[in-house]
1. Angle check, please: helix 109-126 long axis (alpha carbons) against the longest principal axis of the chain (alpha carbons), in degrees 0 to 90, nearest 10.
2. Give me the net charge for the shell around Tyr170: Cβ to Cβ below 11 angstrom, other residues only, Lys and Arg +1, Asp and Glu -1.
3. So how strong a dipole does the stretch 272-458 carry about its Cα centre when Lys and Arg Cβ are +1 and Asp and Glu Cβ are -1, to the nearest 20 debye?
4. If you line up the long axis of helix 272-287 against the longest principal axis of the chain, both from Cα atoms, how many degrees apart are they, to the nearest 10?
5. Note the direction-averaged projected area, equal to a quarter of the hull surface, for the Cα convex hull of the chain, in nm².
6. Using mean Cβ contacts within 10 Å as the protection proxy, how do 309-316, 222-229 order, highest first?
7. Given Cβ point charges of +1 (Lys, Arg) and -1 (Asp, Glu) and nothing else, what value in debye, to the nearest 20, does the dipole of the stretch 228-306 about its Cα centre take?
8. Between Met151 and Arg77, with labels modelled 7 Å along Cα→Cβ, what's the label distance in nm to one decimal, could you check?
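Since every read-out is calculated from the coordinates, none of them should be taken as a lab result. Computed from a predicted model, the values in this text were never measured in an experiment. For neighbour counting, all protein chains shown are included, and Cβ atoms are generated from backbone atoms with ideal geometry for every residue, glycine included.
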Amino acid sequence: MRIAILASEGAPYIKSGGLGDVMEALPAALSRIEGNEVVLVLPYYKKIKDDPRWETEFVCHFDVQLGWRKQYCGILRLKNRKDSVKAYFLDSDYYFGGRSAAIYGHGDDGERFAFFSKACLDSLHRIGFIPDVIQCNDWQTALVPTYLQAMYRDKFPKTRTMYTIHNIEYQGWAYSGFFDDVLGLPWEYRGTMDMNGAVNVMKGAIETADLVTTVSETYSRELMYPYYAHGLDSIIANASWKLTGITNGIDLDTFNPETDPNLPAHYNANTFVEGKAACKKALQQEVGLPTDPDAPLMVMVTRLAGHKGLDLLCYIARRLLWEENCQILILGTGEERFEHFFRELSEEFPNRVAAKITFNLGLAARIYAGGDIYLMPSKSEPCGLSQMNAMRYGTVPVVHATGGLRDTVPPCDEQGQGGLGFTFQSYNGDDFHGAVKRCLDLYNHNQDAFTALQYRDMCQDFGWDVPAGRYMELFKKMHSWQ
Ligand code: GLC
């Protein structure tokens, strides 16, 4: 099958979050399936252009018509990709070059990604790759199914589209004039793009894509509820016949404690007791915490954003620090109020709390390896990858039972039996506190059961082969329709 995957980020070239990880592993997994030909298209951000690791060759250039404007687009092919995925970067100095390093957050993001979405379709046609399936992701490439249906059907007569929602919170809202000014879609698509008098590109994709997926089974059900759907619950409900949840995997080669070059010591499921102890000691030294092997080290690697459940941690942190001889380590950047809170907490408890307010992938890996307990109390979590990274590195998760967290962390009882971590059902600080306490009790009073739980976590198969197979089933299903 010929599959084109379109996205605004993809590791190892460019990544700001989980979408980037998925765009590294999913194309690779699909390309390992016999008979598949996979093309990945990303914007040629300045950061990729300037990175000497990526050797590209110029393919061709053309103009993209976007509303009244015509903009240059160059196609570059990556020459040194190791697997069989063909990666292309779309070059536009105006939209993706020259600016600050941030990949999102520019005043004209709507126009930038409308350009990219349209340019993807033009580019696939130019390079002569007429896919059986286009898989596109989040609001940034949400215009692709609509453009295809409205303006490119003659070029892609049999191509089907799958739209994947990684997070419904970011929908691509724009003022209503955006429809005429930028999109340049035929007038009969105004209703498709309209949501409460404004343009909403995610809504358009949900309506025009042949199939819609999201990144876990539980999240696909949660999206029917206003609490989770950020205004799109009725749109999702109407499209529920074509919505499927496929829980993400993680890249087992990148996230492997036996080979991860970021770690001071390597280990596997049989050697983790010594391996993790060495990693814990080195981590405590690196972040300036006392190298106490017995103090449970609770860790979090996260964007400091509201939906990650940081308000719950803020609520219980002091209480936990008074009650327990534990250490807390946080890595991430984000909202000012949380950065401030954790900085202040680490000043108040310098021997117990470390806050690294930065983005550092190497340190993130050392935290997955050196931690004992991984906290992830997200208010909502479409899938979540770091709980899987943590388990693969033998760190026991404590999570809110929502979205992908619910699907990947079945709950243990108080003796640490029957599941993979500790969970709480309703989103409040006291229930989170209860789950953390159950985990700490096991750590403090039943080391054997805690070690057995770590072993089970490490033995789970979180790879991409199963999810990639489920994507394939849906791709085939779309093609069985007349
Ligand atoms: C988004 C979601 C996260 C998910 C990731 C990859 O970042 O917030 O839950 O794991 O996308 O699909």
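1. That works out to roughly 60 degrees.
2. Values: positive: none; negative: Asp109, Asp138, Glu169.
Here the charged neighbours net out to -3.
3. Values: 18 positive and 23 negative charges, 87 e Å.
Dipole size: approximately 420 debye.
4. The angle comes out at about 80 degrees.
5. Details: hull surface 87.9 nm².
Its average projected convex-hull area is 22.0 nm².
6. Numbers: 309-316: 20.8, 222-229: 17.0.
Result, highest mean first: 309-316, 222-229.
7. 260 debye
8. If labels sit at Met151 and Arg77, their model points lie 2.6 nm apart.
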